[in-house]
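The values are calculated or read from the model by the stated rules, or taken from the named source; none is laboratory data. Fair warning: this is a prediction, and the values are worked out from it, not measured in the lab. Neighbour counts run over all protein chains shown; Cβ positions are idealised from the backbone, glycine included.
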2 protein chains.
Amino acid sequence: MSKLINDTFIRALLKQPVAHTPVWMMRQAGRYLPEYRKVREQAGSFMNLCTNPELACEVTLQPIDRFNFDAAILFSDILTIPDAMGLGLSFSEGEGPKFSRPITTAQDIQALAIPDPELELRYVMDAVRLIRSNLKGRVPLIGFSGSPWTLATYMVEGGSSKSFAKVKALMFEQPKLMHQLLDKLAQSVALYLNAQIAAGAQAVMLFDTWGGALSADDYQEFSLRYAQQIQASLTREVDGQVVPAILFTKGGGLWLESMANTGYDALGLDWQTDISLARQRVGAKVALQGNMDPVTLYAQPDIITQKVRTVLEKYGHGSGHVFNLGHGILPDINPEHVKAMVDAVHQFSPAYHTQ
Amino acid sequence: MSKLINDTFIRALLKQPVAHTPVWMMRQAGRYLPEYRKVREQAGSFMNLCTNPELACEVTLQPIDRFNFDAAILFSDILTIPDAMGLGLSFSEGEGPKFSRPITTAQDIQALAIPDPELELRYVMDAVRLIRSNLKGRVPLIGFSGSPWTLATYMVEGGSSKSFAKVKALMFEQPKLMHQLLDKLAQSVALYLNAQIAAGAQAVMLFDTWGGALSADDYQEFSLRYAQQIQASLTREVDGQVVPAILFTKGGGLWLESMANTGYDALGLDWQTDISLARQRVGAKVALQGNMDPVTLYAQPDIITQKVRTVLEKYGHGSGHVFNLGHGILPDINPEHVKAMVDAVHQFSPAYHTQ
């Protein structure tokens, strides 16, 4: 496979010197891009797009071709594992994910089989191989998965939830059963991420989208513990090159210290977390990724530039920062505003990397 | 007016010695109670219930009659001020609040008049007087308001929002105009809370429901600053009795230190915040109110009891803790489970208040 031409993203995650702060965006391959909407329409459904390696590759590369991003992220969904476990994933317009066979009994949990990534999730691995080959080493490819807790919320609730009543009832009333489910998911996620790495992913990210819905203690016991278990199983190096791992808990700003002790190379930060204070708290242990408020991208380009400069200044001098939004880009953002953000990072960050 | 028979709540907020930890619940007068649903049906609409002092009084007292709560909270809505400003508040089933005339221009903001609480919000003051009289000093009455930032989100978005795109666009692009709006709201809230105090409220609480949607810097500038401005204007004493003030920012756990410096007597904590760490961080300055995960109340009573004990143990010995949920009670909770919570607080908390 091609050697990396731009390895700034990998170097920043490992806190090695860089010439500028690398930048990418959560959901950078997505609905805000007209070229994405065209392919999405052609695919017919979101799941068709996810499960078609050629189309997944095409949309993954779209933002790389259009902007000067320093990393590509596999186009996929966080819920591919429960789908491969047989829960029947679908997406209805404006309502988010739905499982046709959610988990309701202990038997359901015991019956879950750990998917073989090269069999039941072959379409993802094929997409990773195809993207990696088509990237031709321009920028690194990020693989990813939902965290066990986040996957469990959708599997038990049957879809999105506001209060997480069902999954928390399981957690409060049958903690052992909940741990069985989470352990199975952690094993599945570790296999899945390692398969993505074997297929060509050069960094991996664990999305703990709903960890922030837990109390501090429950977060430790039911989410972070499994994130750590996964990290301990991850392939560390491929061909002498370290494969960095990033942990992102939305709403996890209170818990950065314990997150930084789990062995991940970097933590994703949401926009509520002050990145300057975060660096003081955990910057000696991990790199930090984030964290501009996604809504900033509705503002005019001059304001976006100013807000980018604020985030860069808050992180401050030296390597260990990957610029990103604090959450995924919203679907109705003007792509020109994204360009303003990427250009501002590249224009103003070199000043923070002089020796 | 009657002297307080049970002043435990007030004493705990002021960190004076108490015999047990006081307990109340956000939204304790609400849909989980069959007697509430009956009155709500009789009223026809949620707004009819809010604007009818007799019915508002009746539902305020229902949880006091049924449970052994240590405080009553005025039954009302956080959006009464913008309604009094003429924005036209209504509630549609399952969709939350809607304003028929949301704010869209600078002229709209300049045209807003600060409501006179005893005129445009007379129904609230009448409810406070009636409740206070009917309580006969059993427990203190809490008055409340939404925070300026939280009111502004609804006024600009026209209702609930997920991304706060409109109100943040105003904030990012026209910060001066946003400050004009917030200043007007802060003046209105201060007048409103002081009128509630004059009418009989014995403590007040500011609900900053959406402060947690802001970045750390924006929270300071656009939310906390106005919470502080309000605090500085609040009536401090009535008839020699201090009227404590509580500040609650949902999702504000990262910012407790700055919140504790604004002069409020107590901070409300959501369930994500570890109350033991919170006490270490700010417990010398403020009392703490919270913070059991509201979803815990779906669990069986023995588990609820155990979780109550955990929260009490986490806060630890001494006054300065008001037991509450980390957010409002959910509408489909079994009232027997609430009883289990209240009883557990009263049974197990005296051990933390021995000399």
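Condition test on A:Ser188, is it within 20 Å of B:Asn291 (Cβ to Cβ) and in a helix (DSSP H, G or I)?
Details: within 20 Å of B:Asn291 (Cβ to Cβ): no; in a helix (DSSP H, G or I): yes.
Answer is no for this residue.
Here's a check for you: in region B:334-355, which residue that is loosely packed, with under 13 Cβ neighbours inside 10 Å and in a loop (DSSP other than H, G, I, E, B) is modelled with the highest pLDDT?
B:Thr354
Looking only at region A:191-203, count how many residues are in contact with a strand residue (DSSP E or B) (Cβ under 6 Å, 6 or more places away or on another chain) and either in a helix (DSSP H, G or I) or within 20 Å of A:Met171 (Cα to Cα) (or both).
Qualifying residue count, region A:191-203: 3.
I'd like to check something: does region A:313-324 contain any residue that is at the interface with chain B (Cβ under 9 Å from one of its Cβ atoms) and of a type outside the set (Lys, Arg)?
Just the residues of region A:313-324 that are at the interface with chain B (Cβ under 9 Å from one of its Cβ atoms), to begin with: A:314.
Those still in the list that are of a type outside the set (Lys, Arg) too: none.
Checked region A:313-324: no residue is at the interface with chain B (Cβ under 9 Å from one of its Cβ atoms) and of a type outside the set (Lys, Arg).
Within region A:91-102, is there a residue that is closer than 25 Å to A:Met205 by Cβ, surrounded by fewer than 17 Cβ atoms within 10 Å (Cβ to Cβ) and within 14 Å of another protein chain (Cβ to nearest Cβ)?
Yes, the conditions are met somewhere in region A:91-102.
Return a yes/no flag: does region B:242-254 have any residue that is under 18 Å from the mean Cα position of the chain (by Cα), polar (S, T, N, Q) and over 30 Å from A:Phe164 (Cα atoms).
no
From B:Leu224, B:Leu181, which residue is within 17 Å of the chain's Cα centre (by Cα) and more than 30 Å from B:Gly137 (Cβ to Cβ)?
Every option except B:Leu224 fails the conditions.
Could you run through region B:202-217 and say how many residues are over 23 Å from B:Met26 (Cα atoms) and either touching a His at 6+ places or on another chain (Cβ under 9 Å) or surrounded by 24 or more Cβ atoms within 10 Å (Cβ to Cβ) (or both)?
Number satisfying all stated conditions: 1.
Go through (1) under 30 Å from A:His317 (Cβ atoms); (2) surrounded by fewer than 20 Cβ atoms within 10 Å (Cβ to Cβ) for A:Ile64 and report which single condition fails.
Failing condition for A:Ile64: (2).
If we keep just the residues of region B:35-73 that are among the polar types (S, T, N, Q) and not in a loop (DSSP other than H, G, I, E, B), which is nearest to B:Val342 (Cα to Cα)?
Ranking the candidates gives B:Gln62 first.
Can you name every residue in region B:199-221 that is of a type outside the set (A, V, I, L, M) and within 16 Å of the chain's Cα centre (by Cα)? Talk me through it step by step, then tell me what you get.
Step one: filter region B:199-221 for residues of a type outside the set (A, V, I, L, M), giving B:200, B:202, B:207-212, B:215, B:217-221.
Within region B:199-221, B:Gln202, B:Phe207, B:Asp208, B:Thr209, B:Trp210, B:Gly211, B:Gly212 qualify.
List the number of the failed condition for B:Ala213; all other conditions in (1) touching a residue at least 24 places away in the same chain (Cβ under 8 Å); (2) more than 11 Å from chain A (Cβ to nearest Cβ) hold.
(2)
Suppose the filter is in a strand (DSSP E or B), in contact (Cβ under 8 Å) with a residue 12 or more places away in the chain and of a type outside the set (Ser, Thr, Tyr); does B:Leu267 pass it? If you could, list the steps in order and put the result at the bottom.
Details: in a strand (DSSP E or B): yes; in contact (Cβ under 8 Å) with a residue 12 or more places away in the chain: yes; of a type outside the set (Ser, Thr, Tyr): yes.
Yes; evaluated as a whole, the condition is true for this residue.
Is it fair to say A:Pro140 is away from chain B (no Cβ under 13 Å), more than 15 Å from A:Leu224 (Cα to Cα), under 21 Å from the mean Cα position of the chain (by Cα) and buried (at least 24 other Cβ atoms within 10 Å of the Cβ)?
For A:Pro140, the condition - away from chain B (no Cβ under 13 Å), more than 15 Å from A:Leu224 (Cα to Cα), under 21 Å from the mean Cα position of the chain (by Cα) and buried (at least 24 other Cβ atoms within 10 Å of the Cβ) - is met.
Here are some conditions: (1) within 28 Å of B:Leu141 (Cβ to Cβ); (2) of a type outside the set (A, V, I, L, M); (3) surrounded by fewer than 23 Cβ atoms within 10 Å (Cβ to Cβ). B:Pro301 meets all but one. Which one does it not meet?
(1)
Every residue in region A:270-290 that is in contact with a strand residue (DSSP E or B) (Cβ under 8 Å, 6 or more places away or on another chain), more than 8 Å from every other protein chain (Cβ to nearest Cβ) and not in a helix (DSSP H, G or I), please.
Residues satisfying the conditions are A:Asp270, A:Val286, A:Ala287, A:Leu288, A:Gln289, A:Gly290.
Conditions first: (1) closer than 23 Å to B:Pro34 by Cα; (2) touching a residue at least 60 places away in the same chain (Cβ under 8 Å); (3) part of a helix (DSSP H, G or I); (4) of a type outside the set (A, V, I, L, M). B:Asn324 passes all but one, so which condition is the exception?
It is condition (3) that B:Asn324 fails.
Just to be sure before I move on: is A:Ala199 surrounded by 23 or more Cβ atoms within 10 Å (Cβ to Cβ) and touching a residue at least 60 places away in the same chain (Cβ under 8 Å) in the structure I sent?
On the way: surrounded by 23 or more Cβ atoms within 10 Å (Cβ to Cβ): no; touching a residue at least 60 places away in the same chain (Cβ under 8 Å): yes.
The answer is no for A:Ala199.
Kindly evaluate A:Ala260 against the criterion of being out of contact with any Pro (no Cβ under 7 Å at 6 or more places or on another chain), surrounded by fewer than 20 Cβ atoms within 10 Å (Cβ to Cβ) and more than 8 Å from every other protein chain (Cβ to nearest Cβ). Spell out the reasoning first.
Working: out of contact with any Pro (no Cβ under 7 Å at 6 or more places or on another chain): yes; surrounded by fewer than 20 Cβ atoms within 10 Å (Cβ to Cβ): no; more than 8 Å from every other protein chain (Cβ to nearest Cβ): yes.
When the stated conditions are applied, A:Ala260 does not pass them.
Of all the residues that make up region B:266-314, how many are under 21 Å from B:Met205 (Cβ atoms) and of a type in the set (Val, Ile, Thr)?
5
Give just the number: which of (1) in contact (Cβ under 8 Å) with a residue 40 or more places away in the chain; (2) part of a helix (DSSP H, G or I); (3) more than 14 Å from B:Leu254 (Cβ to Cβ) does A:Lys307 not satisfy?
(1)
Looking at region A:206-226, is at least one residue modelled with pLDDT of 95 or more, among the basic types (Lys, Arg), out of contact with any helix residue (DSSP H, G or I) (no Cβ under 6 Å at 6 or more places or on another chain) and closer than 30 Å to B:Glu313 by Cβ?
Initially, region A:206-226 is screened for residues modelled with pLDDT of 95 or more, giving A:206-226.
Those still in the list that are among the basic types (Lys, Arg) too: A:225.
Among the residues that remain, those that are also out of contact with any helix residue (DSSP H, G or I) (no Cβ under 6 Å at 6 or more places or on another chain) are: A:225.
Subsequent filtering for residues that are closer than 30 Å to B:Glu313 by Cβ retains A:225.
The answer is yes, given that some residue of region A:206-226 is modelled with pLDDT of 95 or more, among the basic types (Lys, Arg), out of contact with any helix residue (DSSP H, G or I) (no Cβ under 6 Å at 6 or more places or on another chain) and closer than 30 Å to B:Glu313 by Cβ.
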